[in-house]
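Bear in mind these aren't lab numbers, they're just calculated from the coordinates by the rules spelled out. Owing to the predicted nature of the structure, the values given are computational and were not obtained by experimental measurement. For neighbour counting, all protein chains shown are included, and Cβ atoms are generated from backbone atoms with ideal geometry for every residue, glycine included.
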Number of protein chains: 4
Amino acid sequence: MSEVKFRRLGPSGLRVPLFSLGGWLTLGGTVVGDPVKDIIKVAFDNGINMFDTAEAYAKGRSEQEMGRVIKELGLRRTDLVITTKLFWGLRNGPNDGGLSRKHIIEGTKECLERLGLDYVDVIFAHRPDVSVPMEEIVRAFNWVIEKGWAHYWATSEWSAYEIEEAQHVATKFGLHPPIAEQCQHNMFHRERPEKEYHPLYKKYDLGITVFSALASGLLTGKYNDGIPEGTRFATHSKFFKGTVDSLQKEDGLTKIRKVNELSTLAEQELGCSVTHLALAWVAKNPNTSTVILGASKPEQVLDNLKALEVIPKLTPEVMDKIEAILDNKSAPPPTFGRPHLDPMGRL
Amino acid sequence: MSEVKFRRLGPSGLRVPLFSLGGWLTLGGTVVGDPVKDIIKVAFDNGINMFDTAEAYAKGRSEQEMGRVIKELGLRRTDLVITTKLFWGLRNGPNDGGLSRKHIIEGTKECLERLGLDYVDVIFAHRPDVSVPMEEIVRAFNWVIEKGWAHYWATSEWSAYEIEEAQHVATKFGLHPPIAEQCQHNMFHRERPEKEYHPLYKKYDLGITVFSALASGLLTGKYNDGIPEGTRFATHSKFFKGTVDSLQKEDGLTKIRKVNELSTLAEQELGCSVTHLALAWVAKNPNTSTVILGASKPEQVLDNLKALEVIPKLTPEVMDKIEAILDNKSAPPPTFGRPHLDPMGRL
Amino acid sequence: MSEVKFRRLGPSGLRVPLFSLGGWLTLGGTVVGDPVKDIIKVAFDNGINMFDTAEAYAKGRSEQEMGRVIKELGLRRTDLVITTKLFWGLRNGPNDGGLSRKHIIEGTKECLERLGLDYVDVIFAHRPDVSVPMEEIVRAFNWVIEKGWAHYWATSEWSAYEIEEAQHVATKFGLHPPIAEQCQHNMFHRERPEKEYHPLYKKYDLGITVFSALASGLLTGKYNDGIPEGTRFATHSKFFKGTVDSLQKEDGLTKIRKVNELSTLAEQELGCSVTHLALAWVAKNPNTSTVILGASKPEQVLDNLKALEVIPKLTPEVMDKIEAILDNKSAPPPTFGRPHLDPMGRL
Amino acid sequence: MSEVKFRRLGPSGLRVPLFSLGGWLTLGGTVVGDPVKDIIKVAFDNGINMFDTAEAYAKGRSEQEMGRVIKELGLRRTDLVITTKLFWGLRNGPNDGGLSRKHIIEGTKECLERLGLDYVDVIFAHRPDVSVPMEEIVRAFNWVIEKGWAHYWATSEWSAYEIEEAQHVATKFGLHPPIAEQCQHNMFHRERPEKEYHPLYKKYDLGITVFSALASGLLTGKYNDGIPEGTRFATHSKFFKGTVDSLQKEDGLTKIRKVNELSTLAEQELGCSVTHLALAWVAKNPNTSTVILGASKPEQVLDNLKALEVIPKLTPEVMDKIEAILDNKSAPPPTFGRPHLDPMGRL
């Protein structure tokens, strides 16, 4: 199998594997006990040394399971990149959750307790919080870093405006700015990572840690003929209701048609599955620092890693064919009649 | 007639009349010579002391006409608020237009020559320029201000992201930030001024100078039964092609229906025309610093000013009725399940 | 003929033509009077609107001739990009020349007088000056910009260390940093522009304005069989003594052999001369903002511009063949055993 | 015997002995157990209270041995200056080694554990890391200092450009800049410490802690007739292969000839060995903060310290004779025809 390569996480010196493992929905949720250990072990043994979790994943059990397994496997802390996230909180109190200084500090402390660690490598703001001044948010994450509880901080699902606002505050007070954004990026979700964030890649060397590279499984082709039992859409039918409903409508049917065409391309021209093609397509993007995989079985991890072999096959010609099938590329930013010279990639 | 009130232009101490006069399309364009003087005179005599133009309006003739008339009327410079804008340029050279330091400095100089003035009160960036580093843009406008060629600078049609970026640069180097944004705001165009700019009003006290308060005339009701001769949509049919075409489609027909309903409300409950209602509705918004009127005849100016009498009639009950007719209010920003506490009005 | 394209000058919004015209040795030197006008006219008519000179070129006569011709041709100032340089001075006084505040201010004033202009677009420090504190140098160029005598400042023949030092001072005091470096870059002179400056391209978006793209003519092939009369090496034999002498030695003979091989490649595979190949090779480099041409006849300008047609022919395969002939590519910076991840292109 | 004098370590107030003891190759490597204690004891008893090590020396055993001996000898912590270095790491993981925040923090912690100390006096970056933004590097060393794990930080084998870049970041954010550079300096290796770093000595008061003052033994004269057994070149033949090979070639033979001439000078005019002359010559340089000695036997330490007596004998006349033999002094920086006034010693 191809070896997992490492990239820098955004502007930082932290090296993260091109594919990492996330605990969302699975670890500590639908998967508990020994199977969690099996999945993490097979990932680590195959070059995936980055594990992503969040306070909200399985109400804290994801962090607990991950921490337990790391200890049981006897993994060295320095060999791992551990990331977690704050925002949703675990209780319903008025100060449980959000990005107040109170929750950022109290919440990080609780994350570390659940993980059984002294620090994480990156702490993410799991959402923006419009009810907290940005100055308070940046100051609090800076405090967490200076305390030694995290080496870096980052954002998730923030708008470019909000990231710029955080950078502004960091500039003003000489604080640590966020280094990455955890966002959705896949063949059907492109606007934000490809267009909205565009100016941030050059200006701040922003890195993205991608989730939903398979569009919640849609890009595996498994929903082409309905919702099979045991799949994410069946198991978490309430959470994915909107997505599932859309599959019956024009937009959803168009997507399924495209998945079929991509499958043909993958199988006939690249000798791989559409799953591997979809993962490789996201991984190939130079702004991607890591693609976060989800897995409920060790075999899934191994299978997903086959995407590594597909990346070098994505020649300009193949990329053009994919664009022709997708037909959903974002328009460049307006230049109001002036020639396009490095649009948006401002210093 | 009610007197024209003054508001501060955003965070600045500059007082601008709630209604001002703009030269777009008309002054120097469809209107030249003595009629320009008549229009400006009636405006000034009725309390409108702010005149807005741009290098691109009628290819420089708008500035020339305005400058000529001010001189001929013998108006005191200190009694006037003169604003112009840079971006589009007048020629096709590679450095003609845009927001490079070269064009901001050379262009402002040429604006002042056409106007026959030593300075304008506010110089606007008529569009954003994604090909110029924001640092260069802010430094150049700052230079223009320090040079004494303008008292303030502002933006037009910039995104909230771009305004935040300009503020960031101004913070970093201690430069003059922009004080206002010239944008479209009317009953059918609400997303940007009401939602996108929302966080900027509290954080920076951003002011807006509104154009197209009547949706290019649509909100006067005059297009309810087609495009009459001599109207903007007829005279500038090429420029407004998209808008005119849409009037035939569902979206346009819905708008015309709403204009009819608003007319009924205006006439029966407020004793005014829909034009006055639409102008008053924009003027009432506390974030509006000034509503820029366009006029091809002196009478139009006088008629529009009747909107002043309508503003106090816009009680909460009337505003609710208007919202019910419009049915296009922007959703508040997401709080991801947390209670709405001052959403977005950060810092 | 292919049209001259424009690029931004480094991080700035100033658009410069990919090929520009320089006055070194020729304009005001070996060429005076009407021929200067002929050369500048043909350049301008063919899309070259940037003219580069220096106080030292022909002891000030280059600036005088250029200024005279611009006036006589009636060119609009805004259509032009005029650059000049300071350092060498014109007299021998202790404060004539160098980069003291005194010479930067007095010297710029004299340049403008010779040019008959109110300002230049870019003022270059023609060399570093180790006897002046960098703080004084940056403050003085900043003063010149704030005075309105130049829109930007830049360096020439500075080391990466010195450019970083200037950036450091600019950061410390919030001053204008230099935006470009005027340096030699050609197939036989690669270390500095390709390796030493490498980290500056990403960090500061540094632009380079290249001189000697033809290695003082060596890359035209005209010295393959000796020094023909009327050529630069014959006319300026004293200035080029070192270069001329080296042609007899091993290093020079190797270069001539390479020029022969490049000529064969150019003629047989690309259907162009080695001159055009050498110019296109420099122009293709994305860090090049402009390639400064020298010309003693109008025909030379026209001939050189044929290089524009060669640029698209420089495919990866052709570039590989050129590297194989040159065999002088700089080694990447050491990573001391760590995998190469974006070496040197630091934030 | 002359007493060991103390100098300030660069711009800091830390006083370091003119000769210090380093663990490279020997302590924990070719020397283990009681002999380590003997060497350190004789050094300390003779005025050498500074001990230099690194995470990479003997894969961590150098730090362990040094820590053990300090404890066993019962030396007071305040009487010692302990320095160690980070970069090479001890394992092969992607985040093991280099200068990411992760490795600087995790690595320093592990150094302290191996040394059995709460802090070191100076932590060095053992090499530059072009894959990590300088901002991250300086912030992380600053953190280590603020945490109390080190009193100062410094660099080793960094270019002047990189040191300037670190100073730039420190200025920008008000962080601790590096205070010293650990570099090679000896009669055959002069360019970097004497020329490249020249501007840094005056501007930042940079100190250097010199290694290889004897050019890996070449300047002791012991390799004049081949490679004797038990010497560094024999024991570490693989590491020094390049150096050893060069001794057979013209460059190496020239060096051996010069060592012979220096030996004659030392013995006949100064009454000392060439070893003492070479050490004294480095120590005399006012930019040298300390010369790091290596020793595999206690006697070596004592012998080396005889160099102290030679320093006052290095009169201007003797220094001139040495220069005449060496004939390898770096040229001063170019002043481009201007008189040499404090070249390079800027700011």
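Annotations for the structure displayed:
- In segment D:199-277, Cα pairs under 8 Å separated by at least six residues give a relative contact order of 29 percent.
- Debye equation applied to the C-alpha atoms of segment C:36-111, log10 I(q)/I(0) at 0.11, 0.21, 0.22, 0.25 Å⁻¹: -0.32, -0.89, -0.94, -1.10
- Peptide D:136-149 - average C-beta neighbours from other chains (10 Å radius): 2
- The distance linking segment D:177-256 with segment A:53-92 is 50 Å (Cα centroid to Cα centroid, whole angstrom).
- Rounded to the nearest 20 debye, dipole of the protein assembly as shown from Cβ charges on Lys, Arg, Asp, Glu: 900
- Calculated over segment B:136-292, the projected area of the Cα convex hull averaged across directions stands at 11.3 nm².
- Candidate cross-link partners of C:Lys59 among the lysines, defined by an alpha-carbon separation under 16 Å and a same-chain spacing of 8 or more, comprise C:Lys85, C:Lys109.
- The tail of the calculated P(r) for segment A:167-208, taken as Cα-Cα distances beyond 12 Å, holds 64 percent of the pairs.
- In segment D:109-163, the convex hull through the Cα atoms has an average projected area of 3.9 nm², a quarter of its surface area.
- Kirkwood hydrodynamic radius of segment C:1-68, from inverse mean 1/r over distinct Cα pairs, in Å: 12.6
- Relative contact order of segment B:147-209, defined on C-alpha pairs under 8 angstrom at six or more residues apart (%): 36
- Surrounding net charge for D:Thr235, when Lys and Arg each add one and Asp and Glu each subtract one, Cβ distance under 14 Å: +4
- A Förster radius of 60 Å combined with the Cβ-Cβ distance from C:Lys5 to D:Lys306 puts the calculated FRET efficiency at roughly 0.30.
- Using the Cβ-Cβ distance between A:Asn328 and B:Glu299 with R0 set to 60 Å, the FRET efficiency works out to roughly 0.75.
- For residues of D:158-165, the mean tally of beta carbons on other chains within 10 Å: 5
- Over chain A, relative contact order from alpha-carbon pairs under 8 Å, at least 6 apart, %: 19
- Taking every DSSP beta bridge that has both ends in chain A, the antiparallel portion is near 10%.
- By the count of neighbouring beta-carbon atoms within 10 Å, fewest first, D:Val282, D:Val122 end up ordered D:Val282, D:Val122.
- Stokes-Einstein D for chain D, Kirkwood Rh over Cα pairs, 20 °C, 1.002 mPa s (µm²/s): 103
- Only lysines eight or more places from C:Lys258 in sequence, or on another chain, were considered; those with a Cα closer than 18 Å are C:Lys222, C:Lys249, C:Lys321, C:Lys329.
- Segment A:103-140 residues near the modelled A:Val32 label - backbone nitrogen below 13 Å, point 7 Å along Cα→Cβ: none
- Debye equation applied to the C-alpha atoms of segment C:75-209, log10 I(q)/I(0) at 0.17, 0.19 Å⁻¹: -0.91, -1.10
- P(r) histogram, all alpha-carbon pairs of segment B:1-141 included - 5 Å bins from 0, percent: 2, 10, 20, 21, 19, 15, 8, 4, 1, 0
- Shielding of peptide A:9-21 by partners, expressed as the average count of other chain Cβ atoms within 10 Å per residue Cβ, is 5.
- 5 angstrom amide H check on A:Ala54, placed H, neighbours 5+ away: A:Glu63, A:Lys85
- Stokes-Einstein diffusion for segment C:155-246 at 10 °C, viscosity 1.306 mPa s, with a Kirkwood radius from C-alpha pairs, works out to 105 µm²/s.
- Nonlocal amide H pairs with B:Ser131, under 5 Å, H built at 1.01 Å: A:Met344
- Within straight-line reach of B:Lys71, meaning a Cα separation under 18 Å, sit the following lysines at least 8 residues removed in sequence or on another chain: B:Lys37, B:Lys41.
- For q = 0.06, 0.09 Å⁻¹, Debye-computed log10 I/I(0) when each Cα of the protein assembly as shown counts as one equal scatterer: -0.68, -1.41
- Footprinting exposure proxy for B:Val259, C:Val31 (fewest neighbouring C-beta atoms within 10 Å first): C:Val31, B:Val259
- Build a GNM of chain C with springs between Cα atoms under 10 Å apart, and of C:Gly23, C:Gly230, C:Gly148 the one that fluctuates most is C:Gly230.
- For the protein assembly as shown, the 222 nm mean residue ellipticity estimated from helices alone, with every DSSP H stretch of n ≥ 4 adding -39500 (n - 2.57) and the total spread over all residues, rounds to -11500 deg cm²/dmol.
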